[in-house]
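One structure is given here, and the rest of the page talks about it.
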Amino acid sequence: SVFLVMTNPYAHTIEPLDPQKPDHKFFNLKKLKDPRYDQLPFSIRVLLESAVRNCDGFLVKKEDVEKVLNWKVTQSQTVEVPFRPARVILQDFTGVPAVVDFAAMRDAVKKLQGDPEKINPVCPADLVIDHSIQVDFNRNFTKLFFCCLEQTPFNVCFHVLQKNQDLEFERNRERFEFLKWGSKAFRNMRIIPPGSGIVHQVNLEYLARVVFEQDGYYYPDSLVGTDSHTTMIDGLGVLGWGVGGIEAEAVMLGQPISMVLPEVIGYKLQGTPNKYITSTDIVLTVTKHLRQVGVVGKFVEFFGPGVAQLSIADRATIANMCPEYGATAAFFPVDQISIHYLKQTGGDAEKLSYIEKYLKAVGMFRDYSNTAQDPQFTQVVELDLSTVVPCCSGPKRPQDKVAVSEMKQDFKTCLGAKQGFKGFQVAPERHDVRVPFQFNGAEYSLSHGSVVIAAITSCTNTSNPSVMLGAGLLAQRAVKAGLSVKPYIKTSLSPGSGVVTYYLKESGVMDFLSQLGFEVVGYGCMTCIGNSGPLPEPVVEAITQGDLVAAGVLSGNRNFEGRVHPNTRANYLASPPLVIAYAIAGTVRIDFENEPLAVNSQGKEVFLRDIWPTREEIQAVERQFVIPAMFKEVYEKVEKVNERWNSLKAPSDKLYTWDPSSTYIKSPPFFDGLTRELQTPKSITDAYVLLDLGDSVTTDHISPAGNIARNSPAARYLTSRGLTPREFNSYGSRRGNDAVMARGTFANIRLLNKFINKQAPCTIYLPTGETCQFSEFEIYTSPLLILAGKEYGSGSSRDWAAKGPFLLGIKAVLAESYERIHRSNLVGMGVIPLEYLPGDSTESLGLSGRERYTVIIPPQITPRMPVDIKLDTGKSFQAKMRFDTDVELTYFHHGGILNYMIRKMSEN
């Protein structure tokens, strides 16, 4: 590092932060003496500091610094710049395949006579295990596999959390042992054990540095993560965003991210929210607004006096849903409220002192009331917080906001509308069908819109004391008013950290949440990721018998089809208090303004407005009960408190010994036959189309994370290996085994393939016209393509949505547009992302998908160049190759980013 500093052309900007501590230095960007700096958006200043500090003339060059500094001009020129984040964060669904890749890469480097230990993280990497736990048990002790009839109701409730955690370890022991091996075999990798909380809340409350102090230098904290909602940390003023696991692995190995210097949309907040408005209402409003503005591939930076009205938890909620409005990052620069939050969460006084001092010295500390600090933005859009109304989003996409006052009518409209994002195509004569059923000896009935899942879950909301305490206060008032939740509704509460449980108990509202069925069922993503567990069998039978559009209501960030639960076709995102309200009502077909929430045992009508707490009431409880001692007590033992994790045994070998009998961990075939020599890219000749898809196909459609259906190809494979359905676990937990994941590609039951013209996880084998499932991909001897519409690959940043198609033989995807992370993942796997030229589409070009396609790849390729596509019908057209940077072209020539890293690490 001393050599790098000596050769850094910006070494003259280095100075001590405190003259009394000459060994603690920083690169003072003010010493560049360039007037352009003070006009840069604060998020771009973070990119600039990284470029200046890491300028070595090789990976980061002096001209890269100039490109960033000249952002006002270069933002519109598709300029490529490198960025070296300070750290990487992972969760276990994406972390396991990353460690599998690292283990396989070590084997590949060894085969090429390189040093396998070069495959090792060079920057800090934190992996939080939070995606494995499922809601197998809730208030009714609803069970997937077994029953403890001798338990009393009191003991049942008491043991719900313990039972879910026990089953989590029973299912995932092999995965956890593998991760523990990884934490020993690789330097700079820290594991946060299961039961600690949700990755993004743990990051916000515990892992965030805000300012790094390392090797004698101060610099801004920044990160990328293998989860799209990594952006939540932007709410604290730490620049971060989600990337695919493949790209994150390269960053961990020291490769900078090659990115197109983004435009920055200034989002001006002004006004004060209504006293009944929650942060969830604000973020759903922002999500819909920014989707309409169009911010894909751009940074959003918040400013204006309204920002000062928002707590860090509120800002983090807004930043969390950045992927849902399509931006790369959603940045709130650090201000005095950020420093107060760090104090509240137990931050060390000395550390807080240098954080504030450093950020002020480099011009990165914000005063939102000072308009003189407002930087120049690409575009400014505004939101008056006083105009926000209570709302939900759904029934199938997070950007489809619905005002609570309009929910009843909106659902009715959706019932009859054509099948689509806002339609279920239910015949009018069936809109009011009711199906009776028995549950626990009592008679009930379900209809369209009946709530069967009500989950307070997800990093988006459980990190925010205002909405969690708001839910608790509403529960308290509901219980005192004599209200209850029907017992067949699957209720759950999965906090993002132990701190939440702490303040809910201390404030006295936990007992009331429990009485309504919102027991703590685990610490993890749970329902939001699709780990919702089973519904009671009588409920499933009633839904199936009536072909009902049953509803799930969750305080999450994703509600794509088939994600939350196979039996909830309508899923609405809502604030935690609204989750409880809809659970009490038992239906989403209710007008809260004009209809009572319920009628209590005394026959009194109770309206939602009668029990809804105000922001002032919530804030008073928060000030009293959310205190630094809670955070210190929870997090000082977070890495050691899980005895099951502590007792796990793991080998200490640097090379992993693969177990051929394992169904969880398997050496992937990605590097089979890899040589030092590059292969010249070839044209794709006479490719068949495997699927013809529409708009907004999500990574959940491509590579689902939830349960493995018993009639699926993956289930048949696991059965052939001697497993019972009880042992299948989820697709997400099987991401360390390519044999399962290839068979799980396009296994979502809500996949709408135009070849089939109905929702089903299958396609047509074009040579014969036979309908087949995707496990039968081996019958194709020709290369394969996918046709798609707009926003292909939206949703989660899962690399298996690229790895799976790669293993199926997909050579290219031809779409109208891509979500950012998924396009990068395709590039990372060597799959060509082709984009129709403006105005073109599958429909406008008259493509049936039954043609055979030849994509002409020229010898010399440049970023975003058009290529010719010829059909066997004689027709031809052009499409753009979405390799956006020279570095991405380099990855393509190597057959993918991991192949590139292996060859690089194998060099002497």
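The values are calculated or read from the model by the stated rules, or taken from the named source; none is laboratory data. Note that this is a predicted model, so its numbers are computed, not measured. Cβ atoms come from the backbone with ideal geometry, glycine included; neighbour counts cover every protein chain shown. Only protein heavy atoms, including side chains, enter the accessible area calculation; ligands, DNA and RNA are left aside. Shrake-Rupley method; radii C 1.70, N 1.55, O 1.52, S 1.80 Å.
Summary table below
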{"item": "Extreme residue, farthest from the chain's Cα centre (by Cα), among residues of region 564-586 that are assigned to a strand (DSSP E or B) and within 26 Å of Arg615 (Cα to Cα)", "result": "Tyr572"}
{"item": "Residues (in contact with a helix residue (DSSP H, G or I) (Cβ under 7 Å, 6 or more places away or on another chain) and open to solvent by 50 Å² or more (accessible area, probe 1.4 Å)) located in region 16-55", "result": "Lys31, Arg36, Gln39"}
{"item": "Qualifying residue in region 801-810 (condition: part of a loop (DSSP other than H, G, I, E, B), modelled with pLDDT of 90 or more and either closer than 26 Å to Ala98 by Cβ or of a type outside the set (Lys, Arg) (or both))", "result": "yes"}
{"item": "2 or more residues out of contact with any helix residue (DSSP H, G or I) (no Cβ under 7 Å at 6 or more places or on another chain): qualifying helices (runs of 4 or more DSSP H) within region 435-512", "result": "498-506"}
{"item": "Wholly within region 329-432, helices (runs of 4 or more DSSP H) carrying at least 3 residues that are within 28 Å of Pro220 (Cα to Cα) and either in contact with a helix residue (DSSP H, G or I) (Cβ under 8 Å, 6 or more places away or on another chain) or open to solvent by 40 Å² or more (accessible area, probe 1.4 Å) (or both)", "result": "336-344, 349-361"}
{"item": "Extreme residue, nearest to the chain's Cα centre (by Cα), among residues of region 878-904 that are open to solvent by 20 Å² or more (accessible area, probe 1.4 Å) and farther than 30 Å from Val100 by Cα", "result": "Lys880"}
{"item": "Hits in region 532-555 (condition: within 25 Å of Ser796 (Cα to Cα) and in contact with a Lys or Arg (Cβ under 9 Å, 6 or more places away or on another chain))", "result": "Ser532, Gly533, Pro534, Leu535, Val549, Ala550, Ala551, Gly552"}
{"item": "Which listed residue, of Ser683, Ser696, Ser712, Ser730, is within 30 Å of Thr873 (Cα to Cα), open to solvent by less than 70 Å² (accessible area, probe 1.4 Å) and out of contact with any Asp or Glu (no Cβ under 9 Å at 6 or more places or on another chain)", "result": "Ser683"}
{"item": "Residue match in region 577-598 (condition: of a type in the set (D, E, K, R) and farther than 21 Å from Lys401 by Cα)", "result": "yes"}
{"item": "Close pairs (7 angstrom Cβ cut-off, 6 or more residues apart or separate chains): touching a residue at least 12 places away in the same chain (Cβ under 8 Å) in region 164-185, open to solvent by 30 Å² or more (accessible area, probe 1.4 Å) and in a helix (DSSP H, G or I) anywhere", "result": "Phe169/Arg644"}
{"item": "Entirely in region 220-291, the strands (runs of 3 or more DSSP E) that have 3 or more residues that are open to solvent by 10 Å² or more (accessible area, probe 1.4 Å)", "result": "257-260"}
{"item": "Hits in region 470-529 - residues which are touching a His at 6+ places or on another chain (Cβ under 8 Å) and of a type in the set (A, V, I, L, M, F, W, C)", "result": "Cys525, Ile529"}
{"item": "Ile856 vs. criteria in the same structural domain as Lys803 (by the TED database) and open to solvent by 60 Å² or more (accessible area, probe 1.4 Å)", "result": "yes"}
{"item": "Residue match in region 772-790 (condition: free of Cβ contacts under 8 Å to residues at least 60 places away in the same chain, touching a Cys at 6+ places or on another chain (Cβ under 8 Å) and either in the same structural domain as Phe883 (by the TED database) or farther than 30 Å from Val224 by Cα (or both))", "result": "yes"}
{"item": "Members of region 860-876 found to be free of Cβ contacts under 8 Å to residues at least 40 places away in the same chain and closer than 16 Å to Ile832 by Cβ, listed by number", "result": "Gln860, Thr862, Met865, Pro866, Val867, Asp868, Lys870"}
{"item": "Gly586 being on the phi > 0 side of the Ramachandran plot and buried (at least 19 other Cβ atoms within 10 Å of the Cβ)", "result": "yes"}
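Listed here are the residues, each with its yes/no results for (1) outside the structural domain of Lys30 (by the TED database); (2) farther than 22 Å from Gln309 by Cβ; (3) free of Cβ contacts under 8 Å to residues at least 40 places away in the same chain.
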{"residue": "Phe332", "(1), (2), (3)": "yes, no, no"}
{"residue": "Asp367", "(1), (2), (3)": "yes, no, yes"}
{"residue": "Asp374", "(1), (2), (3)": "yes, no, no"}
{"residue": "Gln379", "(1), (2), (3)": "yes, yes, no"}
{"residue": "Gln399", "(1), (2), (3)": "yes, yes, no"}
{"residue": "Ala403", "(1), (2), (3)": "yes, no, yes"}
